[in-house]
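K.L.:
Take this structure, written in structure tokens, and hold onto it; I'll ask about it next.
The values are calculated or read from the model by the stated rules, or taken from the named source; none is laboratory data. Just so it is clear, the model here is predicted, and its values are computed rather than measured. Here Cβ is always computed from backbone atoms with ideal geometry, including for glycine, and neighbour counts include all displayed protein chains. Each accessible area value is taken on the protein alone, full model and side chains, heavy atoms only, with ligands, DNA and RNA left out. Shrake-Rupley method; radii C 1.70, N 1.55, O 1.52, S 1.80 Å.
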Amino acid sequence: VQDIAFAQVNADTITVLQENGCEVLLPQAQECCGSLHGHNGAVEQARELARTNIEAFGAENLDAVIVNAGGCGSHSKHYDRLLADDPAYAARAAVWSAKVEDIHQFLAQIGVRAPGVELPAQKVTYHESCHLKHGQKVSEAPRQVLRAIPGLQLVELAEADWCCGSAGIYNITQPEMSMKLLDRKMDHIKHTGATMVATGNLGCAIQIAHGSERTDAAVQVVHPVALLAAA
């Protein structure tokens with residue numbers, strides 16, 4: 001979904017990694033990470049996708065496997081659990097899981113290079129993807145990325161780590177409760193006075209963009225890495 005709906009974020013991720021001194025490889029045989037399959041009962045299909053990716057990437061020869069979507073990253077980090085009983089892949093899955101890094105986490109570890117361009121002055125607030133905050137324990141790193149961008153003022157969002165109501169396919173299976181959560185989120189966003197909401201997960205981005213359309217809290221939804229790439 002990320003590659004189809006947010007292809008530019010993938011391109012921006014490559015740009016940012018290269019600007020920060022990394023060699024970026026794009027294995028052509030890679031497949032969907034299998035997150036939605038694994039979360040919704042199609043476990044065998046999720047395992048097959050995991051095996052395909054382990055073969056395609058050869059993580060044993062990489063410094064890191066970078067993921068820029070919170071839900072994908074959380075699932076990918078758990079390939080070791082998913083394939084724990086697979087004698088042919090358990091050991092390789094453990095290596096894979098140890099190499100998977102969220103893009104913000106990785107940039108914080110290597111030290112983000114100062115961008116060369118100051119963006120137009122604007123307020124941005126940050127919504128924490130549940131899979132990024134609670135699943136991967138990544139919370140401060142995206143804020144570090146945003147603070148590194150000249151011209152941006154980061155304004156903290158009340159209940160930033162509360163669910164926006166997307167939650168994989170929750171917005172499809174439980175639309176009424178999903179919209180209650182979204183309305184609560186959009187009310188908090190409105191009170192920040194921010195013109196942009198940054199978030200590191202595609203499900204959240206789609207949900208909050210929908211919230212912007214259905215309320216008067218008109219905001220642009222962006223990935224933190226896209227803002228870094230612009231600078």
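K.L.:
One residue is enough: does the stretch 196-211 have a residue meeting the conditions closer than 17 Å to MET179 by Cβ, open to solvent by less than 10 Å² (accessible area, probe 1.4 Å), of a type in the set (Gly, Ala, Ser) and in contact (Cβ under 8 Å) with a residue 24 or more places away in the chain?
P.N.:
yes
K.L.:
Got a number for residues in the stretch 15-56 being open to solvent by 80 Å² or more (accessible area, probe 1.4 Å), farther than 17 Å from VAL1 by Cα and part of a helix (DSSP H, G or I)?
P.N.:
Going through the stretch 15-56 one residue at a time, the tally reaches 5.
K.L.:
Suppose we filter the stretch 93-118 for residues that are open to solvent by 20 Å² or more (accessible area, probe 1.4 Å) and outside any helix (DSSP H, G or I); how many remain?
P.N.:
9
K.L.:
Here is a follow-up. May I ask you to list the residues in the stretch 185-213 that are outside any helix (DSSP H, G or I) and among the β-branched types (Val, Ile, Thr)?
P.N.:
Hits for the stretch 185-213 are THR195, VAL197, THR199.
K.L.:
How many of the residues making up the stretch 158-185 are open to solvent by 20 Å² or more (accessible area, probe 1.4 Å) and without any contact (Cβ under 8 Å) to a residue 40 or more places away in the chain?
P.N.:
Going through the stretch 158-185 one residue at a time, the tally reaches 19.
K.L.:
Would you check which residues across the stretch 58-68 are more than 30 Å from TYR170 (Cα to Cα) and either crowded, with 20+ Cβ neighbours inside 10 Å or in contact with a His (Cβ under 9 Å, 6 or more places away or on another chain) (or both) and list them?
P.N.:
Within the stretch 58-68, just ALA59 meets the criteria.
K.L.:
Hey, another quick one. Which of the residues belonging to the stretch 57-70 are more than 24 Å from CYS204 (Cα to Cα), in contact with a Leu (Cβ under 9 Å, 6 or more places away or on another chain) and either assigned to a helix (DSSP H, G or I) or modelled with pLDDT under 95 (or both)? Don't jump to the end; show me each part of the working.
P.N.:
Within the stretch 57-70, the subset more than 24 Å from CYS204 (Cα to Cα) is 57-64.
Those still in the list that are in contact with a Leu (Cβ under 9 Å, 6 or more places away or on another chain) too: 57, 62.
Matches in the stretch 57-70: PHE57 only.
K.L.:
Then there is this: Give the residue that is modelled with the lowest pLDDT, with candidates limited to residues of the stretch 173-214 that are touching an Asp or Glu at 6+ places or on another chain (Cβ under 9 Å) and among the charged types (D, E, K, R).
P.N.:
It comes out as ARG214.
K.L.:
Considering only residues that are of a type outside the set (D, E, K, R), buried (at least 19 other Cβ atoms within 10 Å of the Cβ) and in contact with a helix residue (DSSP H, G or I) (Cβ under 6 Å, 6 or more places away or on another chain), which ones fall in the stretch 74-92?
P.N.:
Scanning the stretch 74-92 gives SER74, HIS75, TYR79, LEU82, LEU83, TYR89.
K.L.:
Considering every residue within the stretch 186-195, establish whether at least one is without any contact (Cβ under 8 Å) to a residue 40 or more places away in the chain, open to solvent by less than 50 Å² (accessible area, probe 1.4 Å) and farther than 30 Å from ARG81 by Cα.
P.N.:
yes
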